[in-house]
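Structure first, commentary second.
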Amino acid sequence: METLPNHSLSIVIIMRVLIKNQQKSAKLDRRKISRDSKKILGRLGLDNAELSILLLDDLAMKDMNARYRGKDKPTDVLSFPQEELSAISYQLSAKKSKVFILGDIVINIEAAKRQAPEHGLSFMEEMRWLLIHGILHLIGYDHEKSKYAERKMREKEKEFLDYLEEELNAC
């Protein structure tokens, strides 16, 4: 009788980023948005996460903001977590399942174009900031809770912006 070699199980990383572009005000490279999203998710330890990103203009974002937040004006980014959990709970849940649906982020491209010069950023840097901001909301960060929560979220945003910048420079 022949014995089969003992192989350890390999872990398959399933990280999906789904992007839907429903605006026409800016030409975007979905590959860069997907790449940045995956780097952020990987850094968070969410290697098996699924993230959906919707790109809109001011008018469509105004409608969504009114519908989901009761504010009749456009905003720059909205986040819709799959479940209401804390950051730690998300990481624990993600490690238990094969595919973990993190949630949806909606980014207003026209707002990103307006805000970039106000923040001293390029358009793509502003897009990265909004992406990071949205992902942090999905995992439980909320800058509107308190000054402390706002400071912690801003620190995390800066950490991820610096990380992405380092990653881009390394390529």
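The values are calculated or read from the model by the stated rules, or taken from the named source; none is laboratory data. Every value quoted in this text rests on a predicted model; they were computed, and no experiment measured them. Positions of Cβ are generated from backbone atoms using ideal geometry, with glycine treated the same way; all protein chains shown enter the neighbour counts. Remember, those area values only see protein heavy atoms, side chains included, never the ligands or the DNA or RNA. Shrake-Rupley method; radii C 1.70, N 1.55, O 1.52, S 1.80 Å.
Residues within the reach of a label modelled at residue 27 (point 7 angstrom out along Cα to beta-carbon, backbone nitrogen below 20 Å), restricted to segment 112-151, are 112-114, 122-128. The length gained by stretching the chain between residue 80 and residue 18 to full extension, at 0.36 nm per residue less their Cα-Cα distance, is 20.9 nm.
Other residues with beta-carbon under 9 Å from the beta-carbon of residue 36 carry, at +1 per Lys or Arg and -1 per Asp or Glu, a net charge of +4. Each of residue 113 and residue 152 was given a label point 7 Å from its Cα along the Cα-to-Cβ line. The distance between the two points is 3.7 nm.
Annotation: aspartates and glutamates with alpha-carbon distance below 15 angstrom to residue 24 (same-chain offsets under eight excluded): 57, 58, 110. Projecting label points 7 angstrom from Cα along Cα→Cβ for residue 143 and residue 73 puts them 1.6 nm apart. Computed with a 1.4 Å probe over protein heavy atoms only, the accessible area of residue 154 comes to about 90 Å². Counting only residues at least eight positions apart within a chain, or on another chain, the aspartates and glutamates with an alpha carbon under 12 Å from that of residue 71 are 63.
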